[in-house]
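Starting off with a structure, shown below.
The values are calculated or read from the model by the stated rules, or taken from the named source; none is laboratory data. On a predicted model such as this, the values are computed, not experimentally measured, just so you know. Methodologically, a virtual Cβ is constructed for each residue, glycine included, from the backbone with ideal geometry; neighbour enumeration extends over all protein chains shown. For the accessible areas, the whole protein counts, side chains as well, though only heavy atoms, and no ligand, DNA or RNA atoms are used. Shrake-Rupley method; radii C 1.70, N 1.55, O 1.52, S 1.80 Å.
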Protein chains: 2
Amino acid sequence: MIRQSTEIRQEQIKSAVLDIIFTDGLKNLSTRNLAKRIGMSEGAIFRHFTSKQEIILAIIKDVKREFIGSLRMIANSKKTPESRLKSLLCATVKYLTDNKGITMLLFSEATSNNDTILKASLQEIFNTQKKLVSKIILDGIASGQWDENIPVENIAMLYMGIPVSLNIELVLSYGEFHADNFCSKMMILMLKLLNK
Amino acid sequence: MIRQSTEIRQEQIKSAVLDIIFTDGLKNLSTRNLAKRIGMSEGAIFRHFTSKQEIILAIIKDVKREFIGSLRMIANSKKTPESRLKSLLCATVKYLTDNKGITMLLFSEATSNNDTILKASLQEIFNTQKKLVSKIILDGIASGQWDENIPVENIAMLYMGIPVSLNIELVLSYGEFHADNFCSKMMILMLKLLNK
DNA sequence: CATATAAGTAAGTATTTGCTTGCAAATATA
DNA sequence: TATATTTGCAAGCAAATACTTACTTATATG
């Protein structure tokens with residue numbers, strides 16, 4: 001195989017990991033399989049990552065930077081709480097449907113290994129989203145638009161159920177679940193909960 | 001080891017599977033590990049189940065009978081829709097917190113293997129719950145108590161997010177998540193969605 | 001009591017796993 | 001151009017995997 005820089009190979013490897021997980025399941029994510037899918041030797045993989053575990057951690061790092069990073073931007077923008085909440089929800093739905101392998105990776109790997117680092121990462125990703133939602137809701141209450149008596153924590157928890165159950169639908173329906181206007185529909189429900 | 005009937009051994013084995021998954025993760029669910037936890041030889045396991053896969057399927061069968069069965073009873077009872085919905089929700093929360101290993105098993109195993117039979121079983125479990133919720137909501141609308149303009153399907157989807165995100169909390173918090181009145185709190189939110 | 005069956009074990013099996021080794025060739029740097 | 005570093009590969013490693021085999025012992029049944 002033609003020589004490539006570590007940077008390029010690392011991206012290829014990470015991408016192949018997600019591909020394999022989505023098409024064949026986590027159990028078939030062996031370094032042998034991974035090498036075959038890319039078309040390189042198994043040994044070459046270990047030139048670019050020191051271990052299989054390190055590949056997973058690199059992917060999670062990407063998620064934190066790309067996905068959680070963009071959610072933070074949305075939550076902290078200058079728009080109205082309602083607009084921010086909708087953007088947050090729709091961005092989440094889009095990310096999940098566009099990156100189906102990632103969530104399968106996160107959940108399966110975290111629960112498969114009972115790995116402390118992985119679990120902590122997943123917890124951070126989960127909790128950050130919840131905090132961003134809580135913050136937006138509190139802003140909406142402070143601005144007088146939303147009901148001040150609503151239990152913010154509980155609504156944030158209920159909110160988190162949206163991406164999570166979407167995930168399950170995606171996994172179970174072999175990616176065929178088509179979420180037309182899914183985020184708009186869910187947003188209508190959220191507003192009914194939040195309004196006075 | 002003292003001799004026991006297949007019936008007793010099968011229960012022991014299934015129970016040990018859930019125990020291992022919850023404490024050590026799915027990856028450590030080997031037949032070797034399983035035998036060690038029960039205190040029997042590895043070969044003996046294969047006296048009572050023909051394969052490891054068959055153990056998983058037996059557990060899923062249990063879930064369908066015990067858990068889904070009881071939810072059906074609740075949904076079809078003579079009580080008011082509100083009372084039935086609350087019972088359904090609380091029974092689900094209780095089952096999940098009491099059987100933490102089961103949901104980890106279902107999701108991890110289904111996504112790990114990309115196994116058709118497992119996925120179909122999980123899908124059935126998921127969809128049955130959604131249908132029961134939809135049915136109760138429709139009853140509540142028919143009785144005039146709940147808003148006839150609510151999007152039943154979407155609310156059922158949002159409802160499913162409750163047990164699912166509870167699951168994630170349980171997995172990530174190493175079982176320490178304490179859900180005091182969790183179902184009551186969520187029920188309050190559901191009612192705000194359903195009421196006129 | 002005799003015998004068939006069910007439940008147990010220790011020690012295998014072949015296969016798969018993550019990862020290493022020894023060496024070749026491409027590329028960067030002096 | 002000479003040398004050092006990086007990227008590649010084929011082959012091999014020990015450990016783990018699900019499951020089998022050959023044989024023993026307990027229990028139920030005629």
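How many nm separate the modelled label positions at B:Lys192 and B:Ile68, each set 7 Å beyond the Cα in the direction of the Cβ?
Simple spin-label model gives 3.3 nm for this pair.
Inter-copy label distances at A:Ile188, 7 Å along the Cα→beta-carbon direction, one decimal in nm, shortest first?
2.7
If I model a spin label at A:Ser184 and B:Arg3 as a point 7 Å from the Cα along the Cα→Cβ vector, what separation in nanometres do I get?
Reported label-point gap for A:Ser184 and B:Arg3 is 7.0 nm.
Would you please name the trypsin sites (Lys or Arg not before Pro) within segment B:108-147 that are DSSP coil residues with at most 14 other C-beta atoms within 10 Å of their C-beta?
none
Ok, one more. If one takes the longest principal axis of the Cα atoms in chain A, at what angle in degrees, from 0 to 90 and to the nearest 10, does the Cα axis of helix A:81-98 lie?
It is inclined by approximately 20 degrees.
What aspartates and glutamates sit close enough to B:Lys135 to cross-link, taking a C-alpha to C-alpha distance under 19 Å and skipping anything fewer than 8 places away on the same chain?
Within the straight-line cut-off, B:Lys135 pairs with B:Glu82, B:Glu124, B:Asp147, B:Glu148, B:Glu153.
Buried accessible area for the A:B pair, summed, 1.4 Å probe, in Å² rounded to 100?
4100 Å²
Tell me the angle of helix A:52-63 to the major Cα principal axis of chain A, expressed in degrees between 0 and 90 and rounded to the nearest ten.
30 degrees
For segment A:80-127, what does the alpha-carbon gyration tensor say about shape, rounded, prolate or oblate, given a ≥ b ≥ c as the root eigenvalues, a/c under 1.5 as rounded, and a/b over b/c as prolate?
oblate
If each label sits 7 angstrom from Cα along the C-beta direction, how far apart, in nm, is B:Glu66 from its counterparts in the other copies?
Label-point separations across copies, in nm and ascending: 4.1.
Same structure, new question: Going by a ≥ b ≥ c, the root eigenvalues of the Cα gyration tensor, does segment A:62-196 fall in the rounded group (a/c under 1.5), the prolate group (a/b larger than b/c) or the oblate group?
Note, shape of segment A:62-196 comes out prolate.
What is the Cα centroid distance between segment B:36-77 and segment A:1-43, reported in whole angstrom?
So the two Cα centres are separated by 35 Å.
What value, in deg cm²/dmol to 500, does the helix sum -39500 (n - 2.57) over DSSP H runs of n ≥ 4 give at 222 nm once divided by the residues of the protein assembly as shown?
About -24000 deg cm²/dmol.
Taking the solvent-accessible surface of protein heavy atoms with a 1.4 Å probe, what is the per residue accessible area of segment A:63-196 in Å²?
So segment A:63-196 comes to 42 Å² accessible per residue, rounded to a whole number.
First check a/c for segment A:1-50, with a ≥ b ≥ c the square roots of the eigenvalues of its C-alpha gyration tensor; if it is under 1.5, answer rounded, and if not, answer prolate when a/b is larger than b/c or oblate otherwise.
prolate
Another question about this same structure. Need one number: convex hull volume per residue for segment B:134-196, Cα atoms only, in Å³.
73 Å³
Can I ask one more? Can you work out which chain A residue has the shortest Cβ-to-axis distance for the rotation that carries A onto B, and give it in Å?
Closest to the axis: A:Gly161, 1.
Between copies, how far does the label point of B:Tyr174 sit from its twins, in nm, shortest first, when each point is 7 Å from Cα along Cα→Cβ?
Going from nearest to farthest copy, the values are 4.0 nm.
Rounded to two decimal places and with Rh computed the Kirkwood way over Cα pairs, what is Rg over Rh for segment A:1-104?
With Rg and the Kirkwood Rh in hand, the quotient comes to 1.10.
For segment B:1-50, with every protein chain kept in place, what is the accessible area per residue (1.4 Å probe, Å²)?
Ligands and nucleic acids excluded, the figure is 60 Å² per residue.
R0 = 41 Å: FRET efficiency of B:Lys94 with A:Glu42, Cβ-based, nearest 0.05?
E between B:Lys94 and A:Glu42, to the nearest 0.05, is 0.30.
Then there is this: Given DSSP loops and a limit of at most 15 other Cβ atoms within 10 Å, what is the longest stretch of chain A that contains no such GluC sites (Glu not before Pro)?
A:1-147
Which residues' amide hydrogens lie under 5 Å from the amide hydrogen of A:Trp146, considering only partners 5 or more residues apart or on another chain, with H built in the peptide plane?
Amide H neighbours of A:Trp146, under 5 Å, 5+ apart: A:Ile141.
Here's a follow-up. Roughly to the nearest percent, how much of the accessible area of the protein assembly as shown is carbon and sulfur, given a 1.4 Å probe?
Here it works out to 52 percent.
Related question: Counting alpha carbon pairs within less than 8 Å and at least 6 residues apart, what relative contact order, in whole percent, applies to chain B?
Relative CO of chain B lands at 21 percent.
Counting just the Cα atoms, what span does the protein assembly as shown cover along each of its three principal axes? Round to the nearest Å and put the largest first.
If we take the Cα atoms of the protein assembly as shown, the spans are 61, 60, 34 Å.
Can I ask one more? Could you pull out the chymotrypsin sites (Phe, Trp or Tyr not before Pro) across segment A:33-111 that fall in loop regions by DSSP (anything but H, G, I, E, B) with no more than 16 other Cβ atoms inside 10 Å?
none
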